[in-house]
1. Please go through the stretch 119-175 and give me each residue that is closer than 30 Å to residue 38 by Cα, open to solvent by less than 20 Å² (accessible area, probe 1.4 Å) and of a type in the set (Val, Ile, Thr), ordered by number.
2. Is it true that some residue in the stretch 203-223 is surrounded by fewer than 18 Cβ atoms within 10 Å (Cβ to Cβ), in contact with a Leu (Cβ under 8 Å, 6 or more places away or on another chain) and polar (S, T, N, Q)?
3. Examine the stretch 171-186 for a residue that is free of Cβ contacts under 8 Å to residues at least 60 places away in the same chain, closer than 24 Å to residue 236 by Cβ, within 11 Å of the ligand (Cβ to nearest atom) and touching a Gly at 6+ places or on another chain (Cβ under 6 Å), and state whether such a residue exists.
4. Do any residues in the stretch 91-103 that are more than 16 Å from residue 78 (Cα to Cα) have Cβ atoms under 7 Å from those of residues that are part of a loop (DSSP other than H, G, I, E, B) and open to solvent by 10 Å² or more (accessible area, probe 1.4 Å), where the two are at least six apart or on different chains, and which pairs are they?
5. Just to be sure I understand the filter: pairs with C-beta atoms under 7 Å, separated by 6 or more residues or on different chains, first member in the stretch 1-25 and under 12 Å from residue 208 (Cβ atoms), second member acidic (Asp, Glu). Which pairs pass?
6. Give me the pairs: first residue in the stretch 28-50 and charged (D, E, K, R), second residue surrounded by 13 or more Cβ atoms within 10 Å (Cβ to Cβ) and assigned to a strand (DSSP E or B), beta-carbon distance under 6 Å, and six or more apart or on different chains, which are they?
7. Only residues that are part of a loop (DSSP other than H, G, I, E, B) and either within 16 Å of the ligand (Cβ to nearest atom) or among the aromatic types (Phe, Trp, Tyr) (or both): list them for the stretch 41-69, please.
8. Test residue 187 against the criterion of being open to solvent by 60 Å² or more (accessible area, probe 1.4 Å) and touching a Lys or Arg at 6+ places or on another chain (Cβ under 9 Å), and give yes or no.
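The values are calculated or read from the model by the stated rules, or taken from the named source; none is laboratory data. Quick caveat, the model's predicted, so the values are computed rather than measured. Positions of Cβ are generated from backbone atoms using ideal geometry, with glycine treated the same way; all protein chains shown enter the neighbour counts. We work out accessible area using only protein heavy atoms, side chains counted, and drop any ligands, DNA or RNA first. Shrake-Rupley method; radii C 1.70, N 1.55, O 1.52, S 1.80 Å.
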Amino acid sequence: MKKVNIKGKAANVYVYSDHNELYRAAADQVISRLVAKPDLLLGLATGSTPVPLYDILVEKNKEGIIDFANVNTYNLDEYYPIARKDPNSFVQFMHDNLFDKINLPAENIHIPNAEAPDADAEAIRYERELEKTGGVDIQVLGIGSDGHIGFNEPCDSYIYPTHQVTLTKETISDNSRFFDSEDEVPKHAITMGMGAIMRAKKCILIATGKNKAQAVKNALVDDASPNCPASILQFHRDVDFYLDEDAASLIF
Ligand code: F6R
């Protein structure tokens, strides 16, 4: 592991040649907080990136090292509209990869409801739920190849509340790998905005692979700009980036 200092930027940046080591280090951030605070408020992401981290959390839960009985989870986003039981819904993804494998009570799961009749009203409802927490204790983040976090897509200004978003062509193309064809990828989503992400007491962003290298550079090294939504993390008080060598290849 190499700790990298980016001139003038506060983020902790860790670069790993070994994926297991990367995920153990990221998981330790969650595990240590959960051991210290059994009623942890845990912000979660979907996509390929966090899956190895969730595997470690499942393993530690099975070993009795961590207990989810009093944890509340808050997911970043969900496609809209999509049925809960659709194999590509994020709620189904979370059940398959984490929730059904740990002792997390169903009522402690928070995620935008993509079956709600009105997306804007659902976004407001979810934002109220997030506001009530005062900020999660730790937020797990991935990053899109276009620099999105959650589904906050590149645009002219950072958007703070939970909102409905139209996905970019790049995101639709990236996510088409989970679907039979690109046409089947939902075109809209409900996402936590920058407000709730920035209220998190700690953020950990994980990025692996060459296709994330440009987004990571834009987020970490360049001037912060809503063209790269993840760059808002330059203003976060406590953020760690866990990168493999490919994802970090443009930051040096
Ligand atoms: C999903 C989310 C997204 C993903 C990003 C990367 O909840 O928050 O921002 O983290 O699209 O996706 P993967 O990990 O599949 O490359």
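1. 136, 138, 140, 143, 149, 162 - these are the residues of the stretch 119-175 that are closer than 30 Å to residue 38 by Cα, open to solvent by less than 20 Å² (accessible area, probe 1.4 Å) and of a type in the set (Val, Ile, Thr).
2. Looking through the stretch 203-223, at least one residue is surrounded by fewer than 18 Cβ atoms within 10 Å (Cβ to Cβ), in contact with a Leu (Cβ under 8 Å, 6 or more places away or on another chain) and polar (S, T, N, Q).
3. Yes, the stretch 171-186 contains at least one residue that is free of Cβ contacts under 8 Å to residues at least 60 places away in the same chain, closer than 24 Å to residue 236 by Cβ, within 11 Å of the ligand (Cβ to nearest atom) and touching a Gly at 6+ places or on another chain (Cβ under 6 Å).
4. Within 7 Å, the pairs are 103/67; 103/69.
5. Listed by first residue and then by second, the contacts come to 15/245; 16/244; 17/245; 19/244; 22/244.
6. Every condition considered, the pairs that remain are 33/138.
7. Residues satisfying the conditions are 45, 46, 47, 48, 49, 50, 68.
8. So residue 187 fails the test.
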